[in-house]
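Colleague: Just dropping this structure here.
The values are calculated or read from the model by the stated rules, or taken from the named source; none is laboratory data. Just so it is clear, the structure is predicted and the values come from calculations on it, not from any experiment. Cβ placement follows ideal geometry from the backbone for every residue including glycine, while neighbour counts extend to all protein chains displayed. Please note that ligands, DNA and RNA were not included when accessible areas were found on the heavy atoms of the full protein model with its side chains. Shrake-Rupley method; radii C 1.70, N 1.55, O 1.52, S 1.80 Å.
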Amino acid sequence: MDAIDRYRPKLPGPVWDRIGPDCRRAVAKAEPATPKEARDWIGALAYAAAHADTCGRPTKAEHLLTSEAIEWYLATGYLHADESSRSNRRCRLHKLRRALLGPDLLTGDPAAYTGSDPSRPYTKPEQAQLYAAARAQPTEELRYGFLTLLALGVGCALDSPEIIPLRTLDVREAPNGAVAVTVRGRRKRIVLCRNAWAPVLTETTAWVSRPGQARYLFRPASHARGANTVTNFLARTKRTPGTPVPVMGRARATWLVDAVEARMHLPTLMAAAGLTTLRSIDRILPHVRNLAPDQAATMLREL
C-alpha cells in the first residue's frame, strides 16, 4: 500500500532507518483496510518503536504490540500527551495488535486457568508499597484518585467498569457501622468495604464530596467516562522503582483470594463480588494457599 511506503515520521533519520523497515513490514502484514488506517497504524507503531530504540529495548513489532509493552510505552514514552491523545494511541496500537497477531483466543474457547499475572493477588508488602505510592503522589487529584482505586479494588472487589460510574452518594454507612458501596450496572449490589480499607474510602469520599452535589467518586473533575478512564489515570501516576504496577484486575483478585483463604461462605463471596459463575474463582485458585495436612484433616473431620 502506497500510504505505508510514503509514510515518514518526524524522527531522526538514523532512527527511522533502523526501525522503519520492520514497521512497514508489520503494518503491511496486518492488511489495513484503508490508507488512513495504514497511516494511523504505522504512525503509532513508529513512535512506540522509536521510544523502545531509545531505551535499548527490542523494536520488533511483535514485541512492541503485547498489552504489557503498549502500556509500558504509554506510561514511559507518551506521558506528556493529554488523556484523549493517549487513549487514541492505545486504541490504534491495540487494533494493530489484533490485526497482526490475531485474537487472544484463536479457538473462541476459554483458556484453562494457569494463575495468570492479571489474576495474581498483591502480597501484603506489595499492598503496602502501593499504598505508600498513592500517598506520595505529587497532586491531590492523583493522590486521592489512586487511594480510591485501591480502596475499591482491594477493599471492595470492584473492577474498572464498576468504579467509573460510582457517585459519592453510593458510599454510605451500613447499619452495622461498615462502609457500604452501592455498585451500579449489570452486577448491581451492595458491598461492605473491608475494615482495613474502610477509613481510606471514607477519607477519599469526604475529599470528593460537595454539599448538594452527586459527584463522581473517581476523578470527579472529569466528565469523560470512557472504558479507559481508569487505565489512563493509572498511567499518569508516579511510582518509585520496585513498586508494583497498579492493575485493577490484580486488586480484585487480592480480595477474592483473601476471601477464599478466610473460608468465606461461597454464596456470600459470589454475591459480594458480583459473580454468577465460578470462572473467576478458577483463575485465582493457583494463588490460594493450601492448608497444612493436619489443618486439612481437622477441617475434613469436623464437617
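Colleague: Which members of the stretch 155-174 meet the condition of being open to solvent by less than 50 Å² (accessible area, probe 1.4 Å) and either within 13 Å of the chain's Cα centre (by Cα) or more than 19 Å from Arg250 (Cβ to Cβ) (or both)?
Modeller: Matches in the stretch 155-174: Leu158, Asp159, Ser160, Glu162, Ile163, Ile164, Pro165, Leu166, Thr168, Asp170, Val171, Ala174.
Colleague: Any chance you could count how many residues in the stretch 8-39 are crowded, with 21+ Cβ neighbours inside 10 Å and free of Cβ contacts under 8 Å to residues at least 60 places away in the same chain? Give the steps one after another, and end with the answer.
Modeller: Step one: of the stretch 8-39, the residues crowded, with 21+ Cβ neighbours inside 10 Å are 19, 23, 26-27, 30, 38.
From what is left, the residues that are free of Cβ contacts under 8 Å to residues at least 60 places away in the same chain are 19, 23, 38.
Of the residues in that region, 3 qualify.
Colleague: From (1) buried (at least 17 other Cβ atoms within 10 Å of the Cβ); (2) farther than 27 Å from Thr139 by Cα; (3) of a type in the set (A, V, I, L, M), pick out the condition that doesn't hold for Val181.
Modeller: Condition (2) is where Val181 drops out.
Colleague: Restrict the check to the stretch 109-124 and report whether at least one residue is at pLDDT 90 or above and loosely packed, with under 15 Cβ neighbours inside 10 Å.
Modeller: Yes, the stretch 109-124 contains a residue that is at pLDDT 90 or above and loosely packed, with under 15 Cβ neighbours inside 10 Å.
Colleague: Quickly run through the stretch 58-83 and pick out the residues that are open to solvent by 40 Å² or more (accessible area, probe 1.4 Å) and modelled with pLDDT under 85.
Modeller: Result: Ser67, Glu68, Leu79, His80, Asp82, Glu83.
Colleague: Also, I was wondering about something else. Could you check how many residues of the stretch 73-101 are among the aromatic types (Phe, Trp, Tyr) and out of contact with any helix residue (DSSP H, G or I) (no Cβ under 9 Å at 6 or more places or on another chain)?
Modeller: Total satisfying the criteria: 0.
Colleague: Would you mind telling me which numbered condition in (1) modelled with pLDDT under 90; (2) closer than 26 Å to Arg225 by Cα; (3) among the basic types (Lys, Arg); (4) open to solvent by 40 Å² or more (accessible area, probe 1.4 Å) Arg86 fails?
Modeller: So the condition that Arg86 fails would be (4).
Colleague: Another question about this same structure. Looking only at the stretch 9-42, count how many residues are farther than 19 Å from Leu64 by Cα and part of a loop (DSSP other than H, G, I, E, B).
Modeller: Residues meeting the conditions: 4.
Colleague: So which of Leu93, Leu105 is at pLDDT below 90 and of a type outside the set (S, T, N, Q)?
Modeller: Leu105
Colleague: Scanning for something among the charged types (D, E, K, R), modelled with pLDDT of 90 or more and over 21 Å from the mean Cα position of the chain (by Cα), does the stretch 213-234 turn up at least one residue?
Modeller: Residues of the stretch 213-234 that are among the charged types (D, E, K, R), as a first pass: 215, 219, 225.
Cutting the leftovers down to modelled with pLDDT of 90 or more gives us 215, 219.
Adding the requirement that they be over 21 Å from the mean Cα position of the chain (by Cα) leaves 215.
Yes - at least one qualifying residue is present in the stretch 213-234.
Colleague: Would you list the helices (runs of 4 or more DSSP H) that sit entirely within the stretch 242-286 and hold 2 or more residues that are touching an Asp or Glu at 6+ places or on another chain (Cβ under 9 Å) and at negative phi?
Modeller: 248-261
Colleague: Take the stretch 197-227 and flag every residue that is in a loop (DSSP other than H, G, I, E, B), in contact (Cβ under 8 Å) with a residue 60 or more places away in the chain and open to solvent by 50 Å² or more (accessible area, probe 1.4 Å).
Modeller: Ala221, Ala224, Arg225, Ala227
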